[in-house]
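Undergrad: Sending over a structure as structure tokens; questions will come in a sec.
Read-outs throughout are calculated quantities, based only on the coordinates presented, and are distinct from any laboratory measurement. Computed from a predicted model, the values in this text were never measured in an experiment. Cβ placement follows ideal geometry from the backbone for every residue including glycine, while neighbour counts extend to all protein chains displayed.
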Amino acid sequence: MAERKATNKYVPADFNPAKHKSVNKYRNSHPLRERARKLDQGILIIRFELPYNIWCEGCNNHVGMGVRYNAEKSKTGMYYSTPIYKFRMKCHLCDSHFEMQTDPANLDYVILSGARRQENRWDPGENEQIVTEDKNDIKKLATDAMFKLEHDTEDREKITKLEPVIEQLHDLQERWKDDFSANQLLRKSLRVQRSKDKKDKETDDALTKKLSLGIKLLPESPLDAKLSSLIRLEPSETYLEKKQATRDRIVNEPIFKPNEDPQLSNKLNKQFLEIAKSLALKKAEVEIVSLDKNKLGISFCKPTTSSSHSTPPSSLVPYTSDQSDSD
């Protein structure tokens with residue numbers, strides 16, 4: 001801005017363009033004003049931006065990439081025909097200064113003093129960046145024919161390897177050449193996805209409100225739908241079926257643990273079944289014969305002293321509560 005301060009400004013009446021040629025010469029001032037106050041020492045004040053993250057050695061604070069300073073720029077040497085510049089600036093967090101210098105050979109900046117670089121660099125070759133040739137390699141290319149032949153062979157291999165990638169980049173450039181159509185297609189897909197997300201959210205909110213759930217539901221997957229269809233909430237067997245199956249299992253399974261002698265186990269199981277059948281037949285002989293109308297109670301029949309269990313119900317003698325227990 002300082003170099004344009006004389007534009008559209010007041011011009012003194014005694015200003016002679018033929019003599020002074022410019023207002024700056026008439027005022028005996030430099031066009032860069034304060035930026036050129038050390039120009040006689042070969043130093044120019046410029047606005048410098050840090051090329052990478054650094055640590056200030058004066059206050060040990062981190063200074064991020066892109067922070068701008070008023071730096072003193074001076075020329076310190078040459079790399080072939082490229083000048084090497086040094087920049088000196090003051091840290092904005094303390095009173096210390098740090099210096100940096102250009103490195104044209106490696107296309108980078110080098111810290112001379114007052115700070116250290118935060119090491120997060122990588123190999124340009126692995127990152128598929130352009131790597132500058134070393135000076136020794138350049139000399140060999142000019143003098144050594146075998147080295148030049150090997151270098152050309154490696155370059156051809158790289159070209160063959162990267163040719164499909166370059167073609168793919170050309171195709172992508174042709175595809176995105178029409179920015180309006182590409183943007184329209186992208187926005188359309190986003191609108192469809194947004195409406196779908198909104199509908200899914202409404203369904204999830206209704207389900208969580210119905211079941212009083214306080215958790216976030218995940219998106220439904222085909223596997224979840226298949227598993228839920230295989231789940232049955234009704235029991236596979238009724239209560240009576242389960243009860244009958246339990247009785248059958250109790251009757252059929254052996255009461256004794258399996259023995260090493262299978263014949264003994266079978267014999268004990270048969271004896272147990274015969275005892276269980278005889279007890280069941282004795283219990284079946286006690287039946288309801290009639291209802292005593294006078295006492296409003298149930299009369300039971302007393303089994304006869306017959307040793308046979310095949311006595312019909314008609315041969316049973318009625319038994320009432322008036323009879324003594326000694327009978």
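Undergrad: Work out, step by step, the length gained on full extension between residue 230 and residue 16: first 0.36 nm times the residue separation, then minus their alpha carbon distance; give nm to one decimal.
TA: Gain on stretching residue 230 to residue 16: 66.9 nm.
Undergrad: Using 0.36 nm per residue, how much length does the chain from residue 108 to residue 81 gain when fully extended, once their Cα-Cα distance is taken away?
TA: 8.0 nm
Undergrad: Suppose R0 equals 45 Å; then what is the FRET efficiency for residue 202 and residue 239 from their Cβ-Cβ distance, rounded to the nearest 0.05?
TA: That gives a FRET efficiency of 0.60.
Undergrad: So, R0 is 25 Å and r is the distance between the beta-carbons of residue 216 and residue 186; what FRET efficiency does that work out to, to 0.05?
TA: The pair residue 216/residue 186 has a calculated efficiency of 0.30.
Undergrad: Would you mind getting me the FRET efficiency between residue 34 and residue 133? Use the beta-carbon distance for r and R0 = 41 Å, nearest 0.05. Mind dumping the intermediate values first?
TA: On the way: r = 42 Å, r/R0 = 1.02.
Approximately 0.45, to the nearest 0.05.
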